[in-house]
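K.L.:
Mind having a look at this structure? Questions to follow.
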């Protein structure tokens, strides 16, 4: 991509998921799910793609399919902390851009990964970038498992919530589903991992609220098309398999 900012993709992947143990290695059309994520990330124009994991089974599967791995500690409280360690191990420079792509997003669009990185390079005042798309059905807007984001006029995040925000007192309110993809500069990634957890973050169980609580700005890519869902449960896996087919 000529003139585009360079970026590195790091995919945090752990075996011990509460809701779906072994999720990164689940077979998806003949390949582990995390390998599908690697393949899509490589099409994004990233300078490099790594899986950050503490699990030998995941590392072996990723390497077997020709992708790179960074081994990290097993005691990280969040994927962001794992990314911060990976960036240190890789000796990435302070101003380099890292995109955090979840290991359970096998349908992630390569262009979205690039868009999240490029927006951060343009918005110098943003500490982070992420993405969202418009919600078209009331059920999703009310579903606490569908995270919503409210934006300001310049498409910076005002708040993220599991609740229906904005509340539709009058018709015509647009709700946006937040997608769990993040861009950071390495300097902020390390700073973020050291920030104290926030009361809002604990209340909503949404890690990105830590950045807002401490006064950092998050710029948001608004996708014109729906961003495909990730895999949190075996039921989600069946839905993703149907989309892949």
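Read the figures in this text as sums done on the coordinates, not as results from a lab. Not measured: the values here are computed from a predicted model. Note: ideal-geometry Cβ built from the backbone for every residue, glycine included; neighbour counts use all protein chains shown.
K.L.:
Under a 10 Å cutoff between Cα atoms, tell me which one of 103, 215, 180 has the largest fluctuation in the Gaussian network model of the chain.
P.N.:
Its mean-square fluctuation being the largest, the pick is 215.
K.L.:
If you don't mind, another one. How fast does the range 162-245 diffuse by Stokes-Einstein, in µm²/s, taking the Kirkwood radius from C-alpha pairs at 10 °C and 1.306 mPa s? Write out the running numbers ahead of the final one.
P.N.:
Numbers: Rh = 15.8 Å.
Answer from the Stokes-Einstein relation: 100 µm²/s.
K.L.:
Suppose a student asked you for the relative contact order of the range 7-244, using Cα pairs under 8 Å spaced at least 6 residues apart; what percent would you report? Let's see the in-between values first.
P.N.:
Working: 470 pairs, mean separation 52.7, N = 238.
This gives 22 percent for the range 7-244.
K.L.:
Just the C-alpha atoms of the range 184-225: what Rg/Rh do they give, with Rh taken as the Kirkwood radius?
P.N.:
Values: Rg = 11.7 Å, Rh = 11.3 Å.
Using only Cα positions, Rg/Rh for the range 184-225 is 1.03.
K.L.:
Determine the principal axes of the Cα atoms in the range 7-244, then give the extent along each, sorted from largest to smallest and rounded to whole angstroms.
P.N.:
Sorted from largest, the Cα extents of the range 7-244 read 54, 41, 32 Å.
K.L.:
Sticking with this structure for a sec: With the crude spin-label approximation of a point 7 Å out along Cα→Cβ, what separation in nm comes out for residue 138 versus residue 214?
P.N.:
So the two model labels end up 4.1 nm from each other.
K.L.:
What is the antiparallel percent of DSSP beta bridges lying wholly in the chain, to the nearest 5? Write down the numbers at each step before the final one.
P.N.:
Working: 20 of 39 bridges.
About 50 percent, rounded to the nearest 5.
K.L.:
From zero up to wherever the largest Cα-Cα distance of the range 69-142 sits, split into 5 Å bins and tell me the percent of pairs in each.
P.N.:
P(r) for the range 69-142, in whole percents per bin: 3, 12, 18, 20, 21, 14, 7, 4, 2, 0.
K.L.:
GNM on the chain, C-alpha springs below 10 Å: top fluctuator among 111, 64, 142?
P.N.:
Among 111, 64, 142, the largest mean-square fluctuation in the Gaussian network model of the chain belongs to 64.
K.L.:
A follow-up question, please. If I stretch the segment between residue 94 and residue 124 completely, what's the gain in nm (0.36 nm per residue apart, minus their alpha carbon distance), one decimal? Intermediate results must be reported in sequence, preceding the final value.
P.N.:
On the way: separation 30, 0.36 × 30 = 10.80 nm, distance 1.38 nm.
Taking residue 94 through residue 124 to full extension adds about 9.4 nm, to one decimal.
K.L.:
May I have the pair-distance distribution P(r) for the range 50-111, computed from all Cα-Cα distances with 10 Å bins from 0 and rounded to whole percent?
P.N.:
Values per bin, smallest distances first: 19, 52, 28, 1.
K.L.:
Using a ≥ b ≥ c from the Cα gyration tensor of the range 101-193 (square roots of the eigenvalues), is it rounded, prolate or oblate, where a/c under 1.5 gives rounded and otherwise the larger of a/b and b/c decides, a/b for prolate?
P.N.:
Values: a/c = 2.03, a/b = 1.59, b/c = 1.28.
Prolate.
K.L.:
Test of understanding: in a Gaussian network model of the chain with alpha carbons linked when under 10 Å, which of 140, 44, 171 would top the mean-square fluctuation ranking?
P.N.:
It is 171.
K.L.:
For residue 47 and residue 64 in the same chain, what is the full-extension length gain: residue separation times 0.36 nm, less their Cα-Cα distance, in nm? Display every interim value, and only then the final one.
P.N.:
Details: separation 17, 0.36 × 17 = 6.12 nm, distance 2.06 nm.
Extra length from residue 47 to residue 64 when fully extended: 4.1 nm.
K.L.:
Follow-up. Where does the chain land at 222 nm, in deg cm²/dmol rounded to the nearest 500, when only DSSP H runs of n ≥ 4 count, each adding -39500 (n - 2.57), divided by all residues? Walk me through the numbers on the way to the answer.
P.N.:
Numbers: 9 runs with 79 residues, N = 245.
So the calculated ellipticity at 222 nm is -9000 deg cm²/dmol.
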